[in-house]
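Input: a single structure, listed below in structure tokens.
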């Protein structure tokens, strides 16, 4: 029997959490947005408001839909505030120990039938499920960034995920107006297993001096019709996230072709993580982005 999902909790009010709250609220779900830092929830609400206003300006939604959407989102400063949720989606940092701690702390606050989902882009769903009291009601629901614009969601079952949880999750994703790609629980699933090695290879191409930043990005934009060059895309995703996905692939599949490029490691060590820190393969501190190599 598939559960009827009406109230959705979102843990983490960053770029992904805010985007997920945004699309859930517009689809008519009640949303409880949680973060360890209350000021991050405030900032996310302001961003959601701004992004919905852009949608109104582009005529993709009406002013009435924007107002209704915003009225569906409430701040949830403690896990206990998520007690009424039918589904809780975790969108915290891409580090397994951080996610496991959230899940073990969260379970006591939830009703027994609540489904727990993770938005991880690469970590084993089966392993994360084992840190909860309900592995059969645990699933991967991986949204793409930026959530309001991207049409795809990957749905990933763990070894213990039961059929009602899988069916309820698919119904929920369809209600958001998204397309579903079902993936097996292998490192990095489908999109990132293909995308991140391509980005890593672009970084190797830079590292080995085959081309400079601009040449590599232009080559893939104009030569392969990609909307964004791979280095520009890496900056957009966050170089720390790119590195952690490559590490998951390298450790999980034990194949040298997934070895993270030393230059990617160096940039992350320098704290040059891309757009969010104003520097990555491009420097974003001026009027227009300038390559850093």
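On inspection, residue 172 qualifies as in contact (Cβ under 8 Å) with a residue 60 or more places away in the chain and assigned by TED's automatic domain parsing to the domain that holds residue 148.
Selection over segment 101-116 of residues that are over 14 Å from residue 10 (Cα atoms) and outside any helix (DSSP H, G or I) gives a count of 3. Per this entry, residue 221 is not counted among residues that are modelled with pLDDT under 95 and over 18 Å from residue 121 (Cα atoms). The test for being within 30 Å of residue 171 (Cβ to Cβ), buried (at least 20 other Cβ atoms within 10 Å of the Cβ) and touching a helix residue (DSSP H, G or I) at 6+ places or on another chain (Cβ under 8 Å) holds for residue 196. Reported count of residues in segment 82-102, each being under 17 Å from the mean Cα position of the chain (by Cα) and over 19 Å from residue 248 (Cα atoms), is 4. The set of residues in segment 78-100 being part of a loop (DSSP other than H, G, I, E, B) and either modelled with pLDDT under 95 or touching a strand residue (DSSP E or B) at 6+ places or on another chain (Cβ under 7 Å) (or both) consists of 84, 85, 86, 91, 92, 93, 94, 95.
A count restricted to segment 242-267 and to residues that are farther than 12 Å from residue 199 by Cα and touching a strand residue (DSSP E or B) at 6+ places or on another chain (Cβ under 9 Å) stands at 1. Per the listing 217, 185, 162, the residue uniquely free of Cβ contacts under 8 Å to residues at least 40 places away in the same chain and surrounded by fewer than 21 Cβ atoms within 10 Å (Cβ to Cβ) is 162.
The values are calculated or read from the model by the stated rules, or taken from the named source; none is laboratory data. Just so you know, these numbers come straight off a predicted model, no measurement behind them. Glycine gets a Cβ as well: all are built from the backbone with ideal geometry, and neighbour counts include every protein chain shown.
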